[in-house]
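Notes for the one structure printed next.
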Amino acid sequence: QKEVEQDPGPLSVPEGAIVSLNCTYSNSAFQYFMWYRQYSRKGPELLMYTYSSGNKEDGRFTAQVDKSSKYISLFIRDSQPSDSATYLCAMSGADGLTFGKGTHLIIQP
Amino acid sequence: AAGVIQSPRHLIKEKRETATLKCYPIPRHDTVYWYQQGPGQDPQFLISFYEKMQSDKGSIPDRFSAQQFSDYHSELNMSSLELGDSALYFCASSLGDPGFEAFFGQGTRLTVV
C-alpha cells in the first residue's frame, strides 16, 4: 500500500463549481500537509500548507486536515478555467516529502 | 521574489553519456531536494541535502550522485545514462530539514536517446 493515496482523475467540473480534492495517508508520522498545483511541463507550485487538524483558508482555496481519519482535502470555490491543472498533495515527515499521484482537474468554461 | 533556479531547462544526451543538473535554491534556504518525475507520474524523491550534508536518500540509482556546495547550490550527476532516465528532474528548496514549505524549480527535462 502506497503511503499516500490520491485519485488521479480526471475530474471535470463546470466553471463556478466547488471542487473537492482529497488524499488519504497511512503514515501517522506525517506532520505537515501541502497542496501543490502543477501545470503541464512546469514545476509544482506550492498552494497551501497546514500543520494541525482543521481548516485553513486562502482566497478561493481551503485546506482541511483530519489527522484522526488520516484524510486531507483541498476545496476550490468559484472554480475558473485557469484552475485546470494537476493537484498534488504532499506530506512531510522525518523522511522528507511524500507525494500523492496527483489529480488532473479540468474546469469546463 | 527569487525562486529556485534549475539549469539547464532541457538536456538531450545519448545512452551511456553523463549529465550534470544544477539547482540554485531560494536565498537563505539550506535544504535541497531532488525529485524525478516520469510521464504521468508523481515526483519520486531521489536525495536531499541539509547544510551541505546528505540528509536523506530515496530511490536514487547508484549511477547518480549529488552534492551540495558551500553556496548551497546543488548538482545532480548522472552517469551511464539509460533510456529510462528520461524524465523531468525537479529540485526543491526549503529552510530547515524537513522543511514544510518546499518550493520547486521549473525542472530540467532530460531526454536520453
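All of the numbers you see were taken from the coordinates with simple rules; none came from a lab. These figures come from a predicted structure and were not determined experimentally. Virtual Cβ from ideal backbone geometry, glycine too; neighbours counted across all protein chains shown.
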Task: Stokes-Einstein D for region B:1-112, Kirkwood Rh over Cα pairs, 25 °C, 0.890 mPa s (µm²/s) - done: 179
Task: Charge context of residue A:28, other residues only, Cβ under 13 angstrom, K/R +1, D/E -1 - done: 0
Open item on the list: I need the Kirkwood Rh of chain A: take the reciprocal of the average 1/r across all distinct C-alpha pairs and report it in angstrom.
Closed with: 13.9
Task: Members of A:67/B:52; A:70/B:22; A:67/B:22; B:22/B:52; A:70/A:101; A:42/A:70 lying beyond 26 Å, as alpha-carbon distances in this model show - done: A:67/B:52; A:70/B:22; A:67/B:22; A:42/A:70
- [ ] Find how much the distance from residue B:80 to residue B:18 grows on full extension, using 0.36 nm per residue of separation minus their present alpha carbon separation; answer in nm with one decimal.
- [x] 21.7 nm
TODO: Can you check how the C-alpha radius of gyration of region B:44-109 compares to 2.2 N^0.38 Å, as a plain ratio?
DONE: 1.12
Task: Over the protein assembly as shown: Kirkwood hydrodynamic radius from C-alpha pairwise inverse distances, Å - done: 17.9
Task: Magnitude of the charge dipole, chain A, Cβ model with Lys/Arg +1 and Asp/Glu -1, debye to 20 - done: 140
- [ ] Please give the direction-averaged projected area of the C-alpha convex hull for region B:22-66, in square nanometres with one decimal.
- [x] 3.7
Task: Top positive-direction residue, dipole computed over chain B with Cβ charges, set B:5, B:96, B:69 - done: B:5
Open item on the list: Net charge around residue A:2, counting only other residues with Cβ within less than 11 Å of its Cβ (Lys, Arg = +1; Asp, Glu = -1)?
Closed with: -2
Task: Magnitude of the charge dipole, the protein assembly as shown, Cβ model with Lys/Arg +1 and Asp/Glu -1, debye to 20 - done: 340
TODO: Using the number of other C-beta atoms within 10 angstrom as an exposure proxy, rank A:88, A:105 with the fewest first.
DONE: A:105, A:88
Task: Sorted by Cβ neighbour density within 10 Å, fewest at the top, the residues A:91, A:48 - done: A:48, A:91
- [ ] Using only the C-alpha atoms of region A:1-55, find the volume of their convex hull and express it per residue in Å³.
- [x] 127
Task: Estimated vicinal HN-Hα couplings, Hz - region B:51-58 in sequence order (Karplus 6.51, -1.76, 1.60; Gly, Pro = x) - done: 6, 6, 10, 4, 10, 7, 10, x
TODO: Hey, can you grab everything whose amide H is under 5 Å from the amide H of residue A:106? Only 5+ residues off in sequence or another chain; H modelled, so Pro and N-termini drop out.
DONE: A:11, A:12, A:13
